[in-house]
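Below you'll find the structure, written out as structure tokens, and then a few comments.
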Ligand code: GLC
């Protein structure tokens, strides 16, 4: 088939994955409404979870333990806060939650809470100082209903994790119990914090204009500083659990992915824009086009037949088109290669545009006229590494906010989960 033969396939791909500014504005308006009702406990999809944390002063000092549990890796750290926004990582140990070579997987329903936290404690044991007690902040990157900084009940798992015995329980108590069982009684867990919040805390430690934090990685989420949280006399960081937003402009491949996922109907925005899912959207789309005979090749390559066989790293490699990183089978006809790359690019750009629409809603809530500068602190591999991602977000913000977009500066805030957890532990101590 020549390139003209593939023309209808390209047109239909564009139609499926291109979002207009009109659609994004609509989504931002619906997102704002959901934020408002979520703050009063009646949202369909945005939980708007209070963090019991407020902005750091920048003067926080001391040595704290930090635990980062995000769903892919677990990391234990010892962090020294110097004040004036400065910090040093004194020690750190990390391990993946799944390691096929070492024959373990701490992410499935076959893992119990005690097995998981015993594993976490082996890492903490390696960083904890030999003498004295130490306060710990725990970045736990899942939706928790909090009634205090140290009382956070897991509402449900996201990002396809399924460890048993945690949902509904106070994660701080579970960790405390595991620390006691492991003989680590010198560690005092004082704070459970979402990763979007730790990212924002870290940025706000050095710059008080940082008032939105976001994760664009395996999962997607956003938090912000809410000036008037019902029942609180001071501004509070709110974990929106943005990935669960449901009024999304989804296409049939998003619906297919959702139907086959662990929790159909939930996490609809996350399933369209986070690293856990982008490769699978691409795989489902390309498989469908191949099966309908719309591509040049008669058969879809065997290595892509399995669900989740294609990762976001594979898409990054496709976009970079570097020969070393090429994931395309050499047998593919040239038009198909172009089709696969175009699909990757459209899916990545759509993700960035959805994220920009959600941030637009948050910005319009906290500063409707955009009359002052805002820093959006972002962590996550998509924002940091995916070719074209950060640029597509900036372009979409300009499209949605016009000239006022110059008030917004998007800033990569790496490793917030460590420093932010230490800052949260510091607020928990006081
Ligand atoms: C998922 C979690 C959320 C977390 C995000 C990024 O959306 O539900 O709590 O912040 O992933 O890790």
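When a/c reaches 1.5 or more, the comparison of a/b and b/c decides; with that in mind, is segment 327-430 rounded, prolate or oblate per its Cα gyration tensor? Taking the square roots of the gyration eigenvalues as a ≥ b ≥ c, segment 327-430 is oblate. Helical runs assigned H by DSSP (4 residues or longer) give the chain a calculated mean residue ellipticity at 222 nm of -12500 deg cm²/dmol, each run adding -39500 (n - 2.57) before division by the residue total.
Against the chain, whose longest principal axis is taken from its Cα atoms, helix 113-127 shows a tilt of about 70°. Projected label points at residue 40 and residue 86, each 7 Å from Cα along the beta carbon direction, are separated by 4.8 nanometres. By its C-alpha gyration tensor, with a ≥ b ≥ c as the square roots of the eigenvalues, how is segment 236-326 shaped: rounded for a/c under 1.5, else prolate for a/b larger than b/c, else oblate? Taking the square roots of the gyration eigenvalues as a ≥ b ≥ c, segment 236-326 is oblate. Rounded if a/c is under 1.5, else prolate if a/b beats b/c, else oblate: with a ≥ b ≥ c from the C-alpha gyration tensor eigenvalues square-rooted, which is segment 40-174? Oblate. Sorted fewest first by neighbouring Cβ atoms within 10 angstrom, 278, 123 come out as 123, 278. To the nearest 10 degrees, how steep is helix 389-401 against the longest Cα principal axis of the chain, on a 0 to 90 scale? Here the helix axis deviates by roughly 90 degrees. For residue 177 and residue 303, a Förster radius of 45 Å and the Cβ-Cβ distance give a FRET efficiency of 0.55, rounded to the nearest 0.05.
The simple Förster model, with R0 at 41 Å and r as the Cβ-Cβ distance, assigns residue 262 and residue 118 a FRET efficiency of 0.95. The long axis of helix 7-17 is offset from the longest Cα principal axis of the chain by roughly 20 degrees.
Where both partners of a DSSP beta bridge lie in the chain, what percent of those bridges are antiparallel, to the nearest 5?
65 percent
Based on Cα atoms of segment 34-78, Rg over Rh with Rh as the Kirkwood radius reads 1.16. When 81, 175 are arranged by Cβ crowding within 10 Å, least crowded first, meaning fewest neighbours, the order is 81, 175.
When you restrict to C-alpha pairs under 8 Å that are six or more residues apart and normalise by the size of the chain, the relative contact order lands at 21 percent.
Throughout, read-outs are computed from the coordinates displayed, never taken from laboratory work. Keep in mind it's a predicted model, so treat the numbers as computed, not measured. FYI the Cβ positions are ideal-geometry reconstructions off the backbone, even for glycines, and counts take in every protein chain you see.
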